[in-house]
Amino acid sequence: MRQRAWLHTIGAETGGSTGVPIALRRSWSSVVFEQAVLDHIVERHGGVDWRSARTAVLRGDTIKDPSDMTPPFWQHQHGGNYLALSSNHLHAATVADYIEALKEFRPDILWAYPSSLEALYRLAGSTSPVIPGLKIVVLTSEVLTPELHAEAARAFKVPVLDYYGQAERVCFSYSVDGKSHYFMPLYGRVELRHSYDDETYGLHEIIGTSYWNAAQPLVRYATGDLIRIPKGESEVEIEDVALGLRPHAGISGRQSDYLVSPEGGHLIGINHIPRGVPDVAQMQVLQPSRVQVEIHVVPLATYSEQTERLIMKKARQKIPASMKIDVVVVDRLQRTARGKAPLVVRTCGQ
């Protein structure tokens, strides 16, 4: 028998990027308000009602056995109005099947992880990824750089909406130009705690307090996620960012996106390594031990030894000579159980 409760809730859990996923409870008011937020920004910037839209999803759905490389790599759901595609099967040999399936489905919305969308349009090569009928691309759950945002907008020729949230649902931020990101003050209270500076930005951790989840209210929850704010901004300007009155420059990554040196120190700025590297579809940094790093590269047809030398040069700007670096060519990145492809995969502990 199901126990009666005064407050109806649903279960949720974090993605487990810091270890074991955290179990959560959400009230229906939290679920409904979040959907209202998404419906609002999609209709405002894409001109489409998500409630009735044809939606293609390229996220973490489990479609079939990962070792089964025969099409189809997708399933029609919700009466045929929803096309769920597998991120785990997407690589150079299958990308044409994905493009054909999307063009045949003619979605209004393409909802994807940034890493999956990046693989889709970069591996497509000379095959045009323009999808008939598409009105907006919606990206979330992973870091999207301004460069990738611009590439996606050019490739698909529609607005690209990048939004930030968490399983804990303590705050919400979004951007439509890939450069200016705004917190939504009605969603939750945001505080920003300075973490460190890089060459251009101050990196601030997001501390959030939920407004809508009566089932499990979180107060001053440290998300571990970092946003970029230009160095030199005053405390008042930073507070305006937290209130959604001024933009920030986007999510930089998690505080866990670091490598561990042989001495036990944390090597940060690893997200700088892929920047400006040509001839590469995707890149991922793995650390199996404190003295070994593997840089996994999904190459384009123009990939060469010169590309590999550039990767090594950029890696050595962040990784000391006491650590061995191998560049490994792969056909796809490693993904979590949720289908995400984190930049840094550390299996050597803290």
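Nothing in this text is a laboratory measurement; each read-out follows from the coordinates by a stated rule. In this text the structure is predicted, and so the values were computed from the model without any measurement. Note that we place each Cβ from the backbone using ideal geometry, even for glycine, and neighbour counts take in every protein chain shown.
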Given N residues in the chain, what is Rg(Cα) / (2.2 N^0.38 Å)?
-> 1.01
Unit charges on C-beta of K, R, D, E only; dipole of the chain, Debye = 520 debye
Label-point separation (nm) for A214 and L245, each offset 7 Å from Cα along Cα-to-Cβ?
-> 3.1 nm
Under 5 Å, built H, 5+ apart or other chain: amide partners of L218 | S210
Taking 1 over the mean of 1/r across every pair of different Cα atoms in region 23-164, what Kirkwood radius in Å do you get?
-> 15.7 Å
Summed over the other residues with a beta carbon less than 14 angstrom from that of R246, with K and R at +1 and D and E at -1, the charge totals -3
Residue separation between E100 and D61 times 0.36 nm, minus their alpha-carbon distance, gives in nm 12.1 nm
Built amide H within the under 5 Å cut-off of Q282, gap 5+ | V298
15 Å beta-carbon shell around E199, net charge (K/R +1, D/E -1) | +3
At 0.36 nm per residue, minus the direct Cα-Cα distance, what do V329 and E199 gain on full extension? Give it in nm, one decimal, please.
-> 43.8 nm
Assign unit charges at the C-beta atoms only (+1 for Lys and Arg, -1 for Asp and Glu), then state the dipole size of region 92-246 relative to its Cα centre in Debye, rounded to the nearest 20.
-> 460 debye
What ranking do L300, L139 get, fewest neighbouring Cβ atoms within 10 angstrom at the top?
-> L300, L139
Given the candidates P247, P230, I268, the one whose Cα lies deepest towards the positive end of the charge dipole of region 207-350, counting +1 at each Lys or Arg C-beta and -1 at each Asp or Glu C-beta, is I268
Restricted to pairs 8 or more residues apart or on different chains, the lysines in the chain with C-alpha atoms under 15 Å apart form a number of pairs equal to 5
For n ≥ 4 DSSP H runs only, could you compute -39500 (n - 2.57) per run for the chain, divide by its residues and tell me the 222 nm figure to the nearest 500?
-> -6500 deg cm²/dmol
How big is the convex hull of the Cα atoms of region 259-346, per residue, in Å³?
-> 92 Å³
Are there GluC sites (Glu not before Pro) in region 162-208 that DSSP marks as loop and that have at most 11 other Cβ atoms within 10 Å, and which are they?
-> E199
Quick one: which residues, 5+ away or cross-chain, put their amide H under 5 Å from the amide H of G224? H built at 1.01 Å from N.
-> I206
